[in-house]
Amino acid sequence: MIPQTPALRFWLLNALAWVLYLALSAFLFSAFAGWSSGMLLISVVLSVGMFLVSGALRWQALRQDWFALGPLALPTRLLLAVMLGAALVQTLIQVSLRLALHWQWVSLPGEASFTSVSIFGYWINTAVVLALWTAAWVGVHALRRYRHGEVARLKADAARHALELDALRARLNPHFVFNALNNLRALINEDTERARELVTRLSNTLRHALEHHQNERVSLADELAVVRDYLAVEQVHYEQRLRIREEVTEAALDATLPPMLLQLLVENAIKHGIARTPDGGELVISATLKAARLQLVVCNPGLLQAQDTQQASRTGVGLAYLRNALARWPGTATLELHQLGSNVVATLEIPQ
């Protein structure tokens, strides 16, 4: 069985429509003007011409993507195409009929009228019929295009929400929570003041994980507050192995970025850098605003292997969410990971 593609369905319906139009034209001609071979020729040429012109009009509209034009340009272009197509059909009818009458292949019930007024009337009638058929398939195609666009948008939203959910789950992973709770238990008897601070920082981190990602964009100052709470919890666990240095300019604090991006880079730096380095190291976070672009740099000790990078870019939840967020950001946002000596440097640039 031949699969029913939109193009095949159109041509089948197009053929059926103009065959029915041929039958209707022949019936009306015979009922009101009397049956003749000339009237049959006119009906056949008219139907065949409309079939070809309507198909060519659709092909041209899809090939040049007229549906991507503005609300005024699309109807204007379609109207001009319909008027031109009707003129071509009437020209074909006039040439065919005159040649057939000249060679006496056909006859008409009365004398043929080839006046300018008559030809103009035939052209208008042809344009109206062609316009009605064009409006029908344009409406169907526009509805199909809208539905496909809605489906694509819903799929993109679903994928984005799935990435956000996966990123949220990654941030609330049991190891992080269990480590924090175990550290809290140890601090309760040793340092109650620090234990209270850890509870506050952990509470802020969990609250941010649930609420912070719901915004479309956040300021760097708000994102840094989230990162500082998270790092305060991690410093209790890693102690002297995790040393933090911030180099953030005042102008960069008001810049905006997608939520969780800096947080994800910091988490990645700790998980794949500090945690895997026996003596730990210094985690450097720098932010500058230059030429209307926010540049974030996260530097941590570790090795960036090509195989690990390729695998992370394909399956890593954090990087997948990050790249998806950058793709939806207005302008061209970039993320680069490279090895600099014994350190891994992640550079994020976001247009403002």
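Can you tell me the 0 to 90 degree angle between the C-alpha axis of helix 174-190 and the longest principal axis of the chain, rounded to 10?
Around 30 degrees separate the two axes.
Helix 73-102 against the longest principal axis of the chain: what's the angle in degrees, Cα atoms only, rounded to the nearest 10?
30 degrees
For ASN179 and LEU88 in the same chain, what is the full-extension length gain: residue separation times 0.36 nm, less their Cα-Cα distance, in nm? Intermediate results must be reported in sequence, preceding the final value.
Details: separation 91, 0.36 × 91 = 32.76 nm, distance 7.96 nm.
Here the segment from ASN179 to LEU88 would lengthen by 24.8 nm.
Let's test this: bin the Cα-Cα distances of segment 187-298 at 5 Å from zero up to the farthest pair and state each bin's percent.
2, 11, 20, 21, 19, 15, 7, 3, 1, 0, 0
Between LEU20 and THR200, what is the label-point separation in nm under the 7 Å Cα-to-beta-carbon projection?
Going by the 7 Å Cα→Cβ label model, 7.7 nm.
Given [x] 1.34; [y] 0.94; [z] 1.30 as candidate values of Rg/Rh (Cα atoms, Kirkwood Rh), which corresponds to the one derived from the coordinates?
After the calculation, the listed value that fits is [x].
Which percentage, to the nearest 5, of the DSSP beta bridges contained in the chain is antiparallel?
Numbers: 25 of 32 bridges.
Given both bridge residues lie in the chain, the antiparallel proportion sits at roughly 80 percent.
Could you work out how much longer the chain between ARG63 and ARG243 gets when fully extended? Use 0.36 nm per residue separation minus the Cα distance between them, nm to one decimal.
On the way: separation 180, 0.36 × 180 = 64.80 nm, distance 5.95 nm.
Here the segment from ARG63 to ARG243 would lengthen by 58.9 nm.
Bear in mind that the values in this text are calculations on the coordinates, not laboratory data. Quantities reported herein were computed from a predicted structural model and do not represent experimental measurements. As a convention, Cβ positions derive from the backbone with ideal geometry for all residues, glycine included, and neighbour counts pool all protein chains shown.
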